[in-house]
Each structure stands twice: as structure tokens, then as C-alpha cells.
Amino acid sequence: MPSGPPIQAVVRAIEVLQALNRQPVSTIDALHRQTGVPKSSLVRLLQTLAAKGLVRHAPQYGAYYLTSLVGTLSCGYHSEPRIVEAAAPVADALTRRIKWPLAVAVFDGDAMVVRYSTIPSSPLSLLHSSINMRLSVVARALGRAYLAFCPADEQAVILAVVRQSKHPEDAAAKRPREVAKTLAEVRRRGYAVRDPQVRPVSNTLAVPLYEGGRVIGSLGMTWFASVMSPEKAVKQYLGELKAAVAEIAARLEALNAGQRPAGAGAPR
């Protein structure tokens, strides 16, 4: 759908909320200086926000402050939305360069779930979409890249859960020595590839995604198996993927600090 001009009343309301968030108490004069919104409009906006319980009038005449209810505006902004916000521009920029589709996945219960994909931007994708696709942690590259770098206690719990799965791709979880050998190899190499028996038409190269030294997901690139071998994919693209997850980690750090991350994916 074509986008129209922004609704100015909404823009002004957001600007006022942002200004109120910068200090404990704000006067009409201070808000006017910060936002440029006319004082008469400010009063109406503040009265509206107060009616919704987001703003309260301070004892001092003409001063306002945010209430705790404003926290409900961010209750849906948790780990996964932050990861997507940080990763999307980086993944999009990388797909524009290399053409192959990328996916960002996070762990959910007993599988990895794709939360962002660059398939719409890739001319080389086998699928129309992979969003919300659940992937085995023991057979898929995105799962192995996450599981191999989990703390040992978390890894043990995940494997205990997956051993109860009846999905054919999770069968390896019932063979502890085989899984341990595979995960040790992933840790040694620093990347994972998909079990070759799963969808032989394609393959995926994946690396762990970290935040503050803790693995929080994985980033993977999928390609046609007939075009190149896993060895060639590693040689050609592993550096790109590692640079991408480093940039995503930096963007997450900026978001945690309340900063707007810099633009992503400048050509190298």
C-alpha cells in the first residue's frame, strides 16, 4: 500500500511523550521549547494523555509528568522485537550484496523459530516465506548454531525436552554421543551447517548471535546445494556472516543504551 503523509497529531503526541521522558517534571514552556508544538496544542495533547492515564498534572501550575502506566507502551518490546530491530537492516544490507536469503532465529521451547527473513529481498530463495517456521535444534544449522554455544546446563535441558519430540528431524537427540560430537564440532569451527539429509536441495550456514556475551539466537544464509558445496560457502561467506552478527551485537548494545543505532551494511 502507498504510504501517505504522517498524521501530525500522532507525531506531536509522540514528540511530547519523548520530551516528558527526558526529565522528571516538565513545564509547558519547557515542552514548547523542546518540541516546537504551540502551547495551546500542548495543553490539549497533555489533557488527552492525562485522560488516558499516561500523564499527570503536577502540583506546580503548568507542570506535567509521566505516570507508571506509560510503561505499558513498551511491554511488547522485549527480546525478540529488539533482536529483529537490530538485525533487520544488517541482514537486508547483506542480502543486497550477496543475494542469498538470510534468516534470524531465536529459541522457543523446543525449536528455533525464524523471526526475520530477507527472502522478500532475495532473488535466490526456494521459499516464499520462512517467518515463524520452527526448525530442529539438532538437525538445522540455525538450531545447531544456537545449541552448541548455550551454557552446558541450558543445553542439557533443551536436549532433554527435544528427546521427547516425535518430529523426525529431532531423532538425533535420542543419540547423545552423536549430538555431542556434532555440537563439539560446531563449537570448534564457530559455525554450523544443516544435516545433509534434511532438504538436500539446499543448505544453510549459520553462526551464533550474541548479546553481552550470551547467545540469544542465530543468523543463517541458505543457498542451493547444486551451486556450491558447504566448504565453498564457508570460504566465501563465513566472514560476511561473522561481521554481520558483530554489527547486530553492536546495534543491540546501542538500543540497550537508549541510542539509535547507526546505519547498517555499508559496503566493505
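The values are calculated or read from the model by the stated rules, or taken from the named source; none is laboratory data. This structure is a prediction, so every number in the text was calculated from the model and none was measured. Backbone-built Cβ (ideal geometry, glycine too); neighbour counts: all protein chains shown. What goes into the accessible areas is simple: the full protein's heavy atoms, side chains included, and nothing from ligands, DNA or RNA. Shrake-Rupley method; radii C 1.70, N 1.55, O 1.52, S 1.80 Å.
Within region 113-138, which residues are more than 14 Å from SER218 (Cα to Cα) and touching a residue at least 40 places away in the same chain (Cβ under 8 Å)?
LEU124, SER125, LEU126, listed by residue number.
Residues are listed down the side, and each one gets a yes or a no for (1) among the small types (Gly, Ala, Ser); (2) closer than 17 Å to ASP195 by Cα:
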position	(1), (2)
SER122	yes, no
VAL137	no, yes
ALA141	yes, yes
ALA145	yes, yes
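Suppose we keep only residues that are at pLDDT 95 or above and more than 16 Å from ALA141 (Cα to Cα) within region 93-117. Which one would you say is surrounded by the fewest Cβ atoms within 10 Å (Cβ to Cβ)?
ARG97
Test of understanding: among ARG12, ARG33, ARG22, ARG82, which residue is among the basic types (Lys, Arg), free of Cβ contacts under 8 Å to residues at least 40 places away in the same chain and surrounded by 13 or more Cβ atoms within 10 Å (Cβ to Cβ)? Don't jump to the end; show me each part of the working.
On the way: ARG33 fails: surrounded by 13 or more Cβ atoms within 10 Å (Cβ to Cβ); ARG22 fails: surrounded by 13 or more Cβ atoms within 10 Å (Cβ to Cβ); ARG82 fails: free of Cβ contacts under 8 Å to residues at least 40 places away in the same chain.
On inspection, the qualifying residue turns out to be ARG12.
Answer with yes or no whether VAL161 is aliphatic (A, V, I, L, M), under 19 Å from SER130 (Cβ atoms) and open to solvent by 10 Å² or more (accessible area, probe 1.4 Å).
Taking the combined requirement at face value, the residue does not satisfy it.
Within region 167-176, identify whether any single residue is within 26 Å of ALA243 (Cβ to Cβ), open to solvent by less than 60 Å² (accessible area, probe 1.4 Å) and at pLDDT 95 or above, and answer yes or no.
No, the conditions are met nowhere in region 167-176.
Take residues that are under 18 Å from ALA249 (Cα atoms) and out of contact with any helix residue (DSSP H, G or I) (no Cβ under 7 Å at 6 or more places or on another chain) and tell me which of the helices (runs of 4 or more DSSP H) falling wholly in region 83-200 contain 2 or more. Spell out the reasoning first.
Details: elements: 141-147, 152-162, 176-189.
Helices (runs of 4 or more DSSP H) meeting the threshold: 141-147.
Among (1) more than 34 Å from the chain's Cα centre (by Cα); (2) surrounded by fewer than 16 Cβ atoms within 10 Å (Cβ to Cβ); (3) among the aliphatic types (A, V, I, L, M); (4) within 16 Å of ARG12 (Cα to Cα), there is one condition ALA58 misses while meeting the rest; what is its number?
Unmet condition: (4).
Does VAL161 fit the bill of being among the β-branched types (Val, Ile, Thr), in contact with an Asp or Glu (Cβ under 8 Å, 6 or more places away or on another chain) and without any contact (Cβ under 8 Å) to a residue 60 or more places away in the chain?
yes
Using the structure shown, decide if LEU73 is open to solvent by less than 10 Å² (accessible area, probe 1.4 Å), within 21 Å of the chain's Cα centre (by Cα), closer than 28 Å to PRO261 by Cβ and of a type in the set (A, V, I, L, M, F, W, C).
no
If you take the residues of region 118-141 that are among the small types (Gly, Ala, Ser) and open to solvent by less than 40 Å² (accessible area, probe 1.4 Å), which of them is nearest to VAL161 (Cα to Cα)?
Initial filter on region 118-141 (among the small types (Gly, Ala, Ser)): 121-122, 125, 129-130, 136, 139, 141.
Of the ones still in play, those that are also open to solvent by less than 40 Å² (accessible area, probe 1.4 Å) are 122, 125, 130, 136, 139, 141.
On the way: SER122: 35, SER125: 32, SER130: 24, SER136: 12, ALA139: 15, ALA141: 19 Å.
The selected residue is SER136.
Please determine, by comparing only the residues of region 199-258 that are over 16 Å from ALA141 (Cα atoms), among the polar types (S, T, N, Q) and more than 18 Å from the chain's Cα centre (by Cα), which one is least open to solvent (accessible area, probe 1.4 Å).
GLN236
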